[in-house]
Each structure stands twice: as C-alpha cells, then as structure tokens.
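Below is one structure, written out as structure tokens; the observations come after it.
The values are calculated or read from the model by the stated rules, or taken from the named source; none is laboratory data. Here the structure is a predicted model, which means the values were calculated and not measured. Glycine gets a Cβ as well: all are built from the backbone with ideal geometry, and neighbour counts include every protein chain shown. We work out accessible area using only protein heavy atoms, side chains counted, and drop any ligands, DNA or RNA first. Shrake-Rupley method; radii C 1.70, N 1.55, O 1.52, S 1.80 Å.
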Amino acid sequence: MKTKVSRWLSMIIVSSAIFLAVIDIFVVNVALPAIKRGLHGTNGELQLVVAIYLLGYSCLLITGGRLGDYYGRKKIFVAGMLLFTISSFLCGLAQSPWQLNVAHFFQGITAAMMTPQGVSYIQVLFPEEKERMKAIGIYGIIAGSASVIGQFLGGLLPDTHFAVEGWRLIFFINVPVGIIALVFALLFLKETPRNTSLKFDYGGVVLLTPALFCLVFPVIQGRELGWPAWSIAMLLAAIILFFLFSRDQQKKLAQGKEPLINARLFHYKDFRIGLYASIFYFLVQESYFLITGVFFQDGLGIPSYTTGTYFVFQGIGYVIASILSVKLIQSYGKKVLVAGVLIMILSFMLHIFLLVSKEASSFTFSFVLLLYGVGCGSVLPSLLAFSLKGIPHQFAGAASGTYYTAQQSAIAMGAGIVGGVFFYFTGDSPLLADYLMAYKAAAILSIFMLFIVIGFLLIMPDYQVKATKKIPEEEFFV
C-alpha cells in the first residue's frame, strides 16, 4: 500500500531546486568583488562569473523540461540535484577564473535539469487555476526567501575566516542542502506519468545552444577587449543561428514532429506577452545586484558584510510584497504588477539622487533597497503565474522550459548590457566620480527597460478566476 503524500509537501520538495538555483545567483552577485580578489580576475571575468552560470542554465532548460516529460520528473529532478551538488563542490575548489567559470557553467546546466521539474509538478499538482496561482505565488516566495539568504551569505561568508577562503564557502554551502533535498525527494516524491511519445529535438538543441552562447559571450567579453573581430563575428553568427533555429522549428511543426520550442505556445496571448515582459524585466532585476554590489564595495568602500546586510533589506521587502501580492492579485489583477514596476522605477530614481550623495546614511541605504525589494516582490511571483495560467497541462514542460530559457537568457544579457554600461564608465582605474557616473548611467538604462515592461503589462490579459472541476490527487501520480 502506497503512502499518500500531500501535494503541498511534494511542491516544497521540488521547490528546493529553485531555492538552490536562486541562492547561487544572489550569493555570487554580492560576493563578486571577493571572488575577483581571490582569483585575481578582470571585470570581464567578473561579469562572466554571473553570466556563464545563466548561460548554461538557459541553454538546457527546455531540454530539461522535455527530459522530465520523457523519463519522469522525479528521475530527472534527482539526477539534476545530484549533479548540481557535485558541480557546486567543484566551484568551491576552483583555482583560477577559468576553472570557476567552467565549473559554474556545468552548475548552470545541472540546474536546468532540476528547475523545470518544479514548475511542471505545480502545473500537474494543481489543476484548478485559483489553486495553481496560489501555488506558483508560494513558489515565488520560496525563491524570494532564497534571495534574502543568498544576499546575506554573499556578504557574510567572504569575510569569514575559516580553513578555506571565505568566498569558497558560498559554493560549499550548496552541498549539505543538496544532499538533504536528494534524501527527501527519494523518500517522498512520487513519479509522474512518462510521455514517451515525445521525441527529443537534438537538432534544435544543437542550433539553440551555440546561438545563445554566440549572443551572450561577446556582449560580455567584447567590450573589455575593444570589440575584436571575433566578437562581431560571433554576434553575426548568433543572428544566423537564431534564424536557422526558427526555420527548423517551424519545419518540424509543419511535419507533425515535436520541436524544441512549440510555436503553439505563442498562440496563447497571456504566455506570449508575459514572456516579452519577463525578458525586459529580467534584463534589469539581476543586473541590479551586480552593479550595486560592485558600486557599494569597490566604489563606496562598504565592507562585504555590511553590503550583504543592506541587501537583506531588499530581500525582506521582496518576501513581504510577495506574500501580499499573492492575495492582492486576485482582487486587483495586473494592477499589482504595474504598481510593482513603478515602485522599482521610483527606487532607481532614489538610488540616483540619494545613494550617490555623500550625505547618504545607513537608513537611506536600507530604505532604498527595501523599496526596490517591495517592487520586485510585487511583480516576480505573479508575472510567472500570469504567463502560465492559460497553458494546457500537456504543454506544461515545454512552457516552463521556454519561459525559464527566456528568463535566464535575459538575466545573462542583463549582466552584459547593464553591467557593460557600468564597467564602461568605471574604466580600468576608477575613482569615486567614475563609479558615481557609471551607476547613474546603468540606472537610467534600467529605468528605460522597466517602462517597456509596463507597456507589455498594460496589454496583457488580466487575471480571472475560473472554476474548474477538482481532480483527485492520486490521478496525477504513478
């Protein structure tokens, strides 16, 4: 006789994937200056530490979702968690920027195996739209909590005196968490039905992966090296590869084959517009931590631990707003998202006029970062819910993989574009005035992109609760 496991317990178990993936992003962002000093890296290598993980993540996310559909989501979740834990350990052992970036790239690939299973599980566990919106909101709160913990540890651990350099601990801490998640998944997580009718689109993977790499890598490294011919050639190659990929996917769909990205997903207006809004949103959100962390520590001379403490206020604002937005969204719909983006814009303006002034106090830093967190928390959990709420269950894996591929690619591009603007103005031997100018320029660019997000939100279909027949939980598992 099988033991019945609560759907909510299953959701918490699979949410450990997004918890670890988000921690890794935020803990690295805050600890970047310490990593740069420890490995004697350059600004370009600093940006690449952020982007290379996200590049590996984005390249294999759709494939990760398909693997779960084909082999069973539990099997792929467990395999991804195991390999992610091993990759984290190797990151902590790195002796050069090159070694760290290689290990971090594979860490991103393994994260791409386990993370899509979480969203796919939620789509299957909660067939009712109202319950699913609540579950995805909680999923976003878990991600927000990980950002708080990651920001705090990213500031605390580099200043820790231990048997190894403090920055290495930001990778080693993933190991015990990953082991615990593996044990719980093996004991309590139930397998979902396999869809063996799906065939892997290896040709699509072969085209999409180098296309993303050729787009992101030269944007980050080209600026620092003066845009050599190879960087321009890679960008041109990216355009050609994306064109070939698009033609390849359309051809396979016309032939009745299953493409890597199913174009039918874009027939759903909420998914299509939500995806576009997410791209511009994530160009901004994560690059904010890159430029702000470097500005605080290298520009203003704020210690790593204090920087991490300031970022905790951003995380607190995020968690509080996430909890409230899950409730408010059902009454006010997309107005909550628009208000959140406006709060982020206001926060950036305060960053420009307050944080760059010599009179800025600890209270000012804390308040401005708290405000930014409130804006993020009002947008992020529900943006995902809006994008996926109309997707049928049979498209769950493909939709979550496509969404997260676009999201992580945008984050990687944000590190290159917004981070590139920031480091362009700092130069090689920056003074405080250079850091101030760099931060203002990057913030203005971010504000511009957030106004584009608002434009997409205004034309996005609004939230409506539709009652559906409740299906017994046991029908979803084998």
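For the stretch 167-183, enumerate the residues that are over 30 Å from HIS40 (Cα atoms) and crowded, with 16+ Cβ neighbours inside 10 Å.
ALA181, LEU182
Please work out which residue is farthest from ILE447 (Cα to Cα), limiting yourself to the stretch 295-313 and to residues that are surrounded by fewer than 20 Cβ atoms within 10 Å (Cβ to Cβ) and of a type in the set (A, V, I, L, M). Checked the stretch 295-313; the qualifying residue farthest from ILE447 (Cα to Cα) is ILE302. Consider GLY427 carefully, then state whether it is among the small types (Gly, Ala, Ser), at pLDDT 70 or above and open to solvent by 10 Å² or more (accessible area, probe 1.4 Å). When the stated conditions are applied, GLY427 passes them.
Just one of the numbered conditions (1) touching a His at 6+ places or on another chain (Cβ under 7 Å); (2) modelled with pLDDT under 80 is not true of CYS91: (2). Pairs meeting the criteria (first residue in the stretch 278-301 and more than 17 Å from VAL27 (Cβ to Cβ) and of a type outside the set (Asp, Glu), second residue open to solvent by 10 Å² or more (accessible area, probe 1.4 Å) and not in a helix (DSSP H, G or I), beta carbons under 8 Å, at least 6 apart or on different chains) are GLY299/PRO430. Taking each residue of the stretch 314-342 that is buried (at least 18 other Cβ atoms within 10 Å of the Cβ) and looking for partners that are of a type in the set (D, E, K, R) and part of a helix (DSSP H, G or I) with beta-carbon atoms closer than 7 Å, six or more apart or interchain, yields VAL326/LYS134.
Report yes if ILE76 is under 19 Å from TYR139 (Cβ atoms), aliphatic (A, V, I, L, M) and open to solvent by 10 Å² or more (accessible area, probe 1.4 Å), otherwise no.
Considered against the rule, which asks whether it is under 19 Å from TYR139 (Cβ atoms), aliphatic (A, V, I, L, M) and open to solvent by 10 Å² or more (accessible area, probe 1.4 Å), ILE76 comes out as yes.
Looking at the stretch 284-302, which of its residues are of a type in the set (A, V, I, L, M, F, W, C), part of a helix (DSSP H, G or I) and over 17 Å from the mean Cα position of the chain (by Cα)? Once the filter is applied, which keeps residues that are of a type in the set (A, V, I, L, M, F, W, C), part of a helix (DSSP H, G or I) and over 17 Å from the mean Cα position of the chain (by Cα), the stretch 284-302 yields VAL294, PHE295, PHE296. Note on the stretch 127-141: among residues that are buried (at least 21 other Cβ atoms within 10 Å of the Cβ) and not small (Gly, Ala, Ser), the one that is farthest from SER400 (Cα to Cα) is ILE141. Scoring LYS36 on the criteria (1) open to solvent by 20 Å² or more (accessible area, probe 1.4 Å); (2) in contact (Cβ under 8 Å) with a residue 40 or more places away in the chain leaves a single failure, condition (2).
Yes or no, residue by residue, for (1) at pLDDT 85 or above; (2) surrounded by 13 or more Cβ atoms within 10 Å (Cβ to Cβ); (3) of a type in the set (Asp, Glu):
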{"site": "ILE220", "(1), (2), (3)": "no, yes, no"}
{"site": "PRO228", "(1), (2), (3)": "yes, no, no"}
{"site": "SER231", "(1), (2), (3)": "yes, yes, no"}
{"site": "MET234", "(1), (2), (3)": "yes, yes, no"}
{"site": "PHE243", "(1), (2), (3)": "yes, no, no"}
{"site": "SER246", "(1), (2), (3)": "yes, yes, no"}
{"site": "LEU260", "(1), (2), (3)": "no, yes, no"}
{"site": "TYR268", "(1), (2), (3)": "no, yes, no"}
